[in-house]
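K.L.:
Quick one: this structure, given as structure tokens, is what I'll be asking you about.
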Amino acid sequence: MLGMLKGDQGKYPEAVKFYEKDLEISEKTLSADDPQLAARYNNIGQVYDNMGEYSKALEYYEKSHKIYEISLPPTHPNLASSYNNI
């Protein structure tokens with residue numbers, strides 16, 4: 001939530017910090033193929049994308065996409081969005 005708010009305010013470095021803390025906790029509590037984990041990677045990718053750091057954004061988008069490919073049906077909208085992000 002705080003990451004999203006900071007991102008909406010254009011405070012991208014702060015947004016990344018909040019999202020990375022969320023990711024750290026999520027990696028400890030969720031399975032490696034949980035779609036919620038993919039959403040966390042996607043959120044960080046979006047912030048880096050907004051910052052113009054496209055190689056970092058791509059790194060997180062690809063992690064998100066791999067999880068979505070494993071855990072979601074091929075017609076799921078989140079999987080389609082992940083193709084768009086890459």
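K.L.:
Figure the gain on full extension for Glu27 and Met1 (residue separation times 0.36 nm, minus the Cα-Cα span) and round it to one decimal in nm.
P.N.:
Values: separation 26, 0.36 × 26 = 9.36 nm, distance 1.73 nm.
Taking 0.36 nm per residue and subtracting the Cα distance, the gain is 7.6 nm.
K.L.:
Binning every alpha carbon pair distance of the chain at 5 Å from zero, what are the percents per bin?
P.N.:
Taking every Cα pair in the chain, the percentages come to 3, 18, 26, 23, 20, 9, 2.
K.L.:
Still on this model: If you fit an axis through the alpha-carbon atoms of helix 35-51 and take the longest principal axis of the Cα set of the chain, what angle between them do you get, 0 to 90°, nearest 10?
P.N.:
Long axis of 35-51 versus the principal axis of the chain: about 40 degrees.
K.L.:
In deg cm²/dmol and to the nearest 500, what is the mean residue ellipticity at 222 nm of the chain if only DSSP H runs of at least 4 residues count, each as -39500 (n - 2.57), divided by the residue total? Please report the intermediate quantities before stating the final value.
P.N.:
Values: 5 runs with 69 residues, N = 86.
My calculation for the chain gives -26000 deg cm²/dmol from helical runs alone.
K.L.:
Report the one residue of Leu30, Tyr60, Ala15 whose Cα lies farthest in the direction of the positive end of the charge dipole of region 2-85 (charges on C-beta: Lys and Arg +1, Asp and Glu -1; origin at the Cα centre).
P.N.:
Of Leu30, Tyr60, Ala15, it is Ala15.
K.L.:
If the chain between Asn84 and Glu59 were fully stretched, how many nm would it gain, using 0.36 nm times the residue separation less the Cα-Cα distance? List each step's numbers first, then the result.
P.N.:
On the way: separation 25, 0.36 × 25 = 9.00 nm, distance 1.42 nm.
Going from the current span to full extension adds 7.6 nm.
Bear in mind these aren't lab numbers, they're just calculated from the coordinates by the rules spelled out. From a predicted model like this one, the values you see are computed outputs, not experimental measurements. Neighbour counts run over all protein chains shown; Cβ positions are idealised from the backbone, glycine included.
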